[in-house]
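Q: Here it is, the structure, as structure tokens.
Please treat every number below as a calculation from the coordinates, not as lab data. Just so it is clear, the structure is predicted and the values come from calculations on it, not from any experiment. As a convention, Cβ positions derive from the backbone with ideal geometry for all residues, glycine included, and neighbour counts pool all protein chains shown.
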Ligand SMILES: [Zn+2]
């Protein structure tokens, strides 16, 4: 059997997070009693060649990353569903109990 999975490209792994921070300057607004923190800073965190990696990115890049990550998650969901079905149809499952034959 030959199945084609359709998905939109480009895709991306990882996730986007945001952070605000204080700087090193003494009399900066970020040190005030009601601190005005710097940022918002956007970060992409994911696995590159087996290593957890974080990159600081612009808001525009963050927006694009989110789109790509959403596409990847959609693709991953399709693969997860295929695997779920594959387990129902696994070679050790008796033919009468296989998912497909139960369904129809
Ligand atoms: Zn500051």
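Q: How high is the relative contact order of the range 12-97, in percent, with contacts defined as C-alpha pairs under 8 Å that are six or more residues apart?
A: Numbers: 89 pairs, mean separation 23.5, N = 86.
Taking the mean separation of contacting Cα pairs over the length of the range 12-97, I get 27 percent.
Q: Now for a different question. Given the C-alpha centroids of the range 47-71 and the range 1-43, what is the distance between them in whole angstrom?
A: Going from one Cα centre to the other spans 9 Å.
Q: Where is the GNM fluctuation largest for the chain (alpha-carbon springs, 10 angstrom cutoff): 71, 33, 52?
A: Between 71, 33, 52, it is 33 that shows the largest mean-square fluctuation.
Q: Another question about this same structure. Taking neighbour counts of Cβ atoms within 10 Å as a proxy for exposure, in what order, fewest first, do 28, 23 appear?
A: The most exposed by this proxy come first: 23, 28.
Q: As a test of the formula, what do you get for the chain when each DSSP H run with n ≥ 4 contributes -39,500 (n - 2.57) and the sum is divided by the residue count, at 222 nm and rounded to the nearest 500 deg cm²/dmol?
A: Taken over the chain, the calculation gives -11500 deg cm²/dmol.
Q: In Å, what Kirkwood hydrodynamic radius results for the chain from the alpha-carbon pair distances? It would help to have the intermediate numbers written out before the result.
A: Values: mean 1/r = 0.0562 Å⁻¹.
About 17.8 Å for the chain.
Q: If you don't mind, there's one more thing I want to ask. Output the peptides 58-69, 1-12, 82-93 sorted from most to least packed, where packing is the average of other Cβ atoms within 10 Å over each peptide's residues.
A: Order by mean packing, descending: 58-69, 82-93, 1-12.
Q: At 1.567 mPa s and 4 °C, plugging the Kirkwood radius over alpha-carbon pairs of the range 26-72 into Stokes-Einstein gives what diffusion coefficient in µm²/s? Could you put the intermediate results ahead of the total?
A: Numbers: Rh = 12.9 Å.
Estimated via Stokes-Einstein, D reaches 100 µm²/s.
Q: Angle, helix 59-88 long axis vs. longest principal axis of the chain, Cα atoms, 0 to 90°, nearest 10?
A: Rounded to the nearest ten degrees, it is 20.
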